[in-house]
Amino acid sequence: MPFYPGPGLGGHCIPIDPFYLTWKAREFGQNTRFIELAGEINTSMPAYVVHRVADALNDRQKAIKGSSLLVLGLAYKPNVDDERESPSYVLMDMFKAREAKVAYHDPYVPVIKPTREHAHWAGTKSVAWNKETITAFDAVLIATNHACVNYQDLANWTECIVDTRNAMAAVPPCPTRSGSLIAIRVG
């Protein structure tokens, strides 16, 4: 099964199980530096993504503080409703800590369920996917590349897109918009 780089790791096993292996290996005197290094890199990805969003906004003479940001995709991988350990939660928390107005759109996660780690987001609803709603955001961060999302509409409706999943690769830019697309390549 292929794994593609993105804004961080999610799910119930990949972000957690390697650290159990590291802990267990230490009991037998084994060094697992490669696993630990991968963990450090994966853990730092959300901060890197937030920095890139800040750069994209700064290019438009805006700051994160006070900007309205849409996180596109709450699920940790495409085309599922599973948001366990999703990096989108971390990203939303980081944006909110920087005083941005944060919302999300995910056709698979219409309402955030209560979780132990992110209880403060419980009850938050996915925003509607329509021109009026999406154009109101200063920037859109593609965190999960669901196949059912119309990325051409996104290109037509917003001027600042930070794409961490290469979802916009096949979408031609809208000729009537002067927007910027930042594609974060992490692999």
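Of the candidates K125, K101, the single residue that is out of contact with any helix residue (DSSP H, G or I) (no Cβ under 6 Å at 6 or more places or on another chain), free of Cβ contacts under 8 Å to residues at least 40 places away in the same chain, of a type in the set (K, R) and closer than 25 Å to H51 by Cα is K101. Here the condition is being at pLDDT below 95, within 16 Å of V50 (Cβ to Cβ) and polar (S, T, N, Q); of S180, S86, it holds for S86 alone. Looking at R33, R60, just one residue is in contact (Cβ under 8 Å) with a residue 60 or more places away in the chain, among the charged types (D, E, K, R) and either within 30 Å of I134 (Cβ to Cβ) or open to solvent by 70 Å² or more (accessible area, probe 1.4 Å) (or both), and that residue is R60. The set of residues from the range 131-157 being in contact with a helix residue (DSSP H, G or I) (Cβ under 6 Å, 6 or more places away or on another chain) and assigned to a loop (DSSP other than H, G, I, E, B) comprises T135, A143. Got at least one residue in the range 80-88 being acidic (D, E), assigned to a loop (DSSP other than H, G, I, E, B), open to solvent by 80 Å² or more (accessible area, probe 1.4 Å) and in contact (Cβ under 8 Å) with a residue 40 or more places away in the chain? Taking every residue of the range 80-88 in turn, at least one turns out to be acidic (D, E), assigned to a loop (DSSP other than H, G, I, E, B), open to solvent by 80 Å² or more (accessible area, probe 1.4 Å) and in contact (Cβ under 8 Å) with a residue 40 or more places away in the chain.
The values are calculated or read from the model by the stated rules, or taken from the named source; none is laboratory data. Bear in mind the structure is a predicted one, so any value in this text is a computation, not a measurement. Note that we place each Cβ from the backbone using ideal geometry, even for glycine, and neighbour counts take in every protein chain shown. Only protein heavy atoms, including side chains, enter the accessible area calculation; ligands, DNA and RNA are left aside. Shrake-Rupley method; radii C 1.70, N 1.55, O 1.52, S 1.80 Å.
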